[in-house]
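Trainee: Got a structure here, written out as structure tokens. Questions coming.
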Amino acid sequence: MKISEVSIRTQLSKDTIRYYEKLGLIRPQVIHHHRDYSESDVRRLNEIKLLKHASFSLKEVMYFISLDDKFQDIEAIYNMSDEDYSTLISLITRKQKEIDDQIRSLQIAKQSLTAMNTKLNSLGREQ
């Protein structure tokens, strides 16, 4: 598929898609000097977008995806170095805590907005 369709499906700009390609995060086929993006490229871009939304830095995204590529099967995970394993566990644990903190902050914000909305609605004014 063309980059314009990928851009629409992922809601990422064409420049961002090309940048992720330049970094090696996706690898579309080149056919007659044109890039041909696959469904797996779209899935990968959506995964990158999700990780970025979860406050992963680009460096962390690249690390996480490189490990994901490297360790596609369970046997490879058993054979990973102690250093890679420790780094991965540390990254996952830290990111889980960050996401939990974000969830708590969003819940507090939602409660405040709900309380404000309730007060405003109790005034009986029409919108």
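Trainee: From the Cα gyration tensor of the stretch 37-89, with a ≥ b ≥ c the square roots of its eigenvalues, which class applies: rounded if a/c is under 1.5, or else prolate if a/b is larger than b/c, or else oblate?
Mentor: Note, shape of the stretch 37-89 comes out oblate.
Trainee: Something else about it: Using the alpha-carbon atoms, what tilt in degrees (0 to 90, nearest 10) does helix 82-122 show relative to the longest principal axis of the chain?
Mentor: 20 degrees
Trainee: Among L123, A109, S86, pick out the residue whose Cα is farthest towards the positive end of the charge dipole of the chain, where Lys and Arg carry +1 and Asp and Glu carry -1 on C-beta, about the Cα centre.
Mentor: Of the listed residues, the answer is L123.
Trainee: If Lys and Arg each add +1 and Asp and Glu each add -1, what is the summed charge of the other residues whose beta carbon sits under 12 Å from the beta carbon of T16? Numbers along the way, then the final one.
Mentor: On the way: positive: K14, R18, K22, K49, K52; negative: D15, E21.
Result for the neighbourhood of T16: +3.
Trainee: While we're on this one: Counting helices only, and only those DSSP H runs with n ≥ 4, report the 222 nm mean residue ellipticity of the chain as the sum of -39,500 (n - 2.57) divided by its residues, in deg cm²/dmol to the nearest 500. Write down the numbers at each step before the final one.
Mentor: Numbers: 6 runs with 91 residues, N = 127.
Computed ellipticity for the chain at 222 nm equals -23500 deg cm²/dmol.
Trainee: Follow-up. Quick check: from the Cα gyration tensor, does the chain come out rounded (a/c under 1.5), prolate or oblate?
Mentor: oblate
Trainee: Give me the angle, in degrees from 0 to 90, between the Cα long axis of helix 39-53 and the longest principal axis of the Cα atoms of the chain, rounded to the nearest 10.
Mentor: The answer is roughly 50 degrees.
Trainee: While we're here: Treating only the Cβ of Lys, Arg, Asp and Glu as charged (+1, +1, -1, -1), what charge dipole size does the chain show about its Cα centre? Round to the nearest 20 debye.
Mentor: Roughly 760 debye, rounded to the nearest 20.
All of the numbers you see were taken from the coordinates with simple rules; none came from a lab. From a predicted model like this one, the values you see are computed outputs, not experimental measurements. Glycine gets a Cβ as well: all are built from the backbone with ideal geometry, and neighbour counts include every protein chain shown.
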